[in-house]
1. May I ask you to derive the FRET efficiency for Glu183 and Ile212 from their Cβ-Cβ distance with R0 = 25 Å, giving the value to the nearest 0.05?
2. Counting only other residues whose beta carbon sits under 15 Å from that of Ala103, what net charge do I get with K and R as +1, D and E as -1?
3. With Cβ to Cβ distances under 14 Å as the rule, what net charge do the other residues near Ala265 carry (K, R +1; D, E -1)?
4. Take Val262, Val52, Val46 and order them by how many other Cβ atoms sit within 10 Å, fewest up front.
5. Work out, step by step, the length gained on full extension between Gln86 and Glu293: first 0.36 nm times the residue separation, then minus their alpha carbon distance; give nm to one decimal.
6. Pop a pseudo-label 7 angstrom from the Cα along the beta-carbon direction at both Arg8 and Lys43 and give the gap in nm to one decimal.
Amino acid sequence: MTREQRERIFLPFEQVGDSSRRSEGTGLGLAISQKIVAMMGSKLFVESTPGVGSTFWFDLDLPESCTHFEPEPNTVISMERIIGYQGEKRKILVVDDRWENCAVITKMLEQSGFELVEASNGKEGLEKAIEVQPHLIIADLMMPVMDGFEMTRQLRQLPEFQTTTVIATSASVFEGDRQKSRESGCNDFLPKPIQIEELFHKIEKSLNLIWIFDDNTKTRFEELGDESNHFTEVISTDMAIPPSKELISLYEALQIGDFKGVEDAAMQFKQLGAEYIPFATMILALADEFDDEKIMQLIKPYLSELGE
């Protein structure tokens, strides 16, 4: 930013720089942040080099907290119990120029059995939609190259996308943007940051889904504790286990501590059939806890025929 731009960025509704590269929003973030920091007795500073980047910072003197926070039991969202849905596999296209936004949505939905496709702008989203024919599209409104408004308008001109549900997402607080999204052809709207329960509710409504819940998975983990022998027994009697040859990739990932590989293997189990979804869900839950020993104890009996 230039010196003149640095003086303007803390004013309400101001955004500077190349309009094609601007982030979504209304230009209120820095103005509000400056006031909040001022209320705490400090000031928000900025250093910027044109064509290189900018650094923002503030200094605060804060007392050490002695309060220990314990989350309420009811804050665990019920959607964590979803392990799939009835019927054919659905494809969802996520269009967002922020990779972190795509990653959050993709991870949430892949674990529930959806096939996810990503695009980083409206032009790419249009091309991907034509290529993969998704059942549902989740599109950011503010993107470079082509925004979500124009992408949806062009999609609606194609016969095959006349009835495809498009859910718009944006951090904008203005009703005008929501109205504009409806006029461009979007069916629904999700404000950012996206709330998982609201996302699943809109997907359920849009695709007429019936969710498959597993009410017992978490309870089993809590009840069994470290009794690994009991844990294996419950799995072997209550759940379908993938064939030994399908467990090889999971075993190899565990051997080198590759938890991304463990998650990928668990997602593959879900693709094998609905009967393996509970087992895959347990593996994913243990992977979230980085509990490689318990996962190994679970699968070892089923690797015996391979000599493991």
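1. Details: r = 37 Å, r/R0 = 1.46.
My answer for the efficiency is 0.10.
2. Details: positive: Arg98, Lys107, Lys192, Lys260; negative: Asp96, Asp97, Glu100, Glu110, Glu118, Asp140, Glu263, Asp264.
Result for the neighbourhood of Ala103: -4.
3. Numbers: positive: Lys245, Lys260, Lys270; negative: Glu110, Glu246, Glu252, Asp258, Glu263, Asp264, Asp292.
Here the count lands on -4.
4. Values: Val262 23, Val52 6, Val46 14.
The most exposed by this proxy come first: Val52, Val46, Val262.
5. Values: separation 207, 0.36 × 207 = 74.52 nm, distance 3.28 nm.
Taking Gln86 through Glu293 to full extension adds about 71.2 nm, to one decimal.
6. A separation of 2.2 nm, rounded to one decimal place.
Here, each number is a calculation from the coordinates, and none is a lab measurement. Quick caveat, the model's predicted, so the values are computed rather than measured. As a convention, Cβ positions derive from the backbone with ideal geometry for all residues, glycine included, and neighbour counts pool all protein chains shown.
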